[in-house]
1. Return the only residue of PHE197, PHE126 being among the aromatic types (Phe, Trp, Tyr) and outside any loop (DSSP other than H, G, I, E, B).
2. Only residues in the stretch 189-217 that are without any contact (Cβ under 8 Å) to a residue 12 or more places away in the chain count as the first member; pair them with residues that are aliphatic (A, V, I, L, M), Cβ under 9 angstrom, at least 6 apart or cross-chain, and list the lot.
3. Mind checking which residues of the stretch 249-269 are assigned to a loop (DSSP other than H, G, I, E, B) and of a type in the set (A, V, I, L, M)?
4. Can you find a residue that is without any contact (Cβ under 8 Å) to a residue 24 or more places away in the chain and either touching a Pro at 6+ places or on another chain (Cβ under 8 Å) or among the basic types (Lys, Arg) (or both) anywhere in the stretch 173-182?
5. Look at the stretch 65-80 and say how many of its residues are part of a helix (DSSP H, G or I) and more than 12 Å from MET1 (Cα to Cα).
6. Can you find a residue in the stretch 155-167 that is in a helix (DSSP H, G or I), of a type in the set (Gly, Ala, Ser), touching a His at 6+ places or on another chain (Cβ under 8 Å) and under 30 Å from GLY124 (Cα atoms)?
7. VAL185: within 15 Å of the chain's Cα centre (by Cα) and surrounded by 18 or more Cβ atoms within 10 Å (Cβ to Cβ), yes or no?
Amino acid sequence: MHISNVQQLMAAVGWYAGLIDNDAGPKTWAAISKAEAVERGRYSKSPGRWSKKRRLIGAGQAALAVLGFEPGAVDGYDGHNTGEALAAFLSERAGTSSDVSRTPLVGVRSHPAQKKFPLQRDMGEFYGKAGGAQCTAGKVDLPFPMIIAWNRRQKVNRFSCHEKLAAPLTSIYRETLSHYGLVEVRRLELDVFGGCFNHRKKRGGSTLSTHAYGAAVDQNPGKNQLRWGADRAQFARAEYEPFWRIVMEHGGTPAGYAWGKDWMHFQFARLS
């Protein structure tokens, strides 16, 4: 996120009235301080000890949240959720659409185990209310540390998911390690975690995301971006097919196979 983006966002909220000049001068920092004061409740932690860069991004995230673009946690890290929220804001201002087509592909690769999980339209009946306690009650103990995509200095050994999905997700990662070995897992960047539970709408859509139920996982979003097809996405390459087979054998639906984009994403809900 550039300084000019933060300035535009803060101006849209009413915190900033200076030039959109990509220069973080006194007016910009006064607006950032205002964001931190009036929207303190949105921040994941007090930004008092954050670097200047992180405070800039945090103010942009806070503005995106106020404007209804759902950037995820206001944590000062410029991850894929923040990037998609910013893209939606800029697209709206330009009068263009940020919608993403999720039309099912014909003849997609699948597995009978996927039938254990609901159609997207029936997720509420199967998983309960989106954002409920059950959506983070499941705990996935990872067999290898995973790097946080938006803060690569941080690793996790466990993440939260829907209580119905702890067992299949745990098995997916154990079998991934068994198949590839740790060296290959790291080389292929299968150890880069992009998030699971996130109570928000679909990116480029108006209905709730499968992430709002803790029923989807993103991996290495930087190299498997939302709108990229198989010609660009890292996880569309042949060496990732065993991973996607493991996912499907445990009931997961890879977005790349289902609608041809968003190769970072797999979910426990079917399109059809």
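The values are calculated or read from the model by the stated rules, or taken from the named source; none is laboratory data. Given the structure is predicted, the values throughout are model-derived calculations rather than measurements. A quick note on method: Cβ atoms are made from the backbone with ideal geometry, for glycine too, and the neighbour counts reach across all protein chains shown.
1. Exactly one residue qualifies, and that residue is PHE126.
2. These pairs meet every condition: SER209/ALA130; SER209/ALA216.
3. Passing the criteria: MET264, ALA269.
4. Within the stretch 173-182, not a single residue is without any contact (Cβ under 8 Å) to a residue 24 or more places away in the chain and either touching a Pro at 6+ places or on another chain (Cβ under 8 Å) or among the basic types (Lys, Arg) (or both).
5. 2
6. No: zero hits.
7. So VAL185 does not fit the description; no.
Residues checked against (1) among the basic types (Lys, Arg); (2) farther than 24 Å from ASN224 by Cα; (3) touching a Gly at 6+ places or on another chain (Cβ under 7 Å):
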{"residue": "VAL108", "(1), (2), (3)": "no, no, no"}
{"residue": "VAL140", "(1), (2), (3)": "no, no, no"}
{"residue": "ARG152", "(1), (2), (3)": "yes, no, no"}
{"residue": "VAL156", "(1), (2), (3)": "no, no, no"}
{"residue": "LEU165", "(1), (2), (3)": "no, no, yes"}
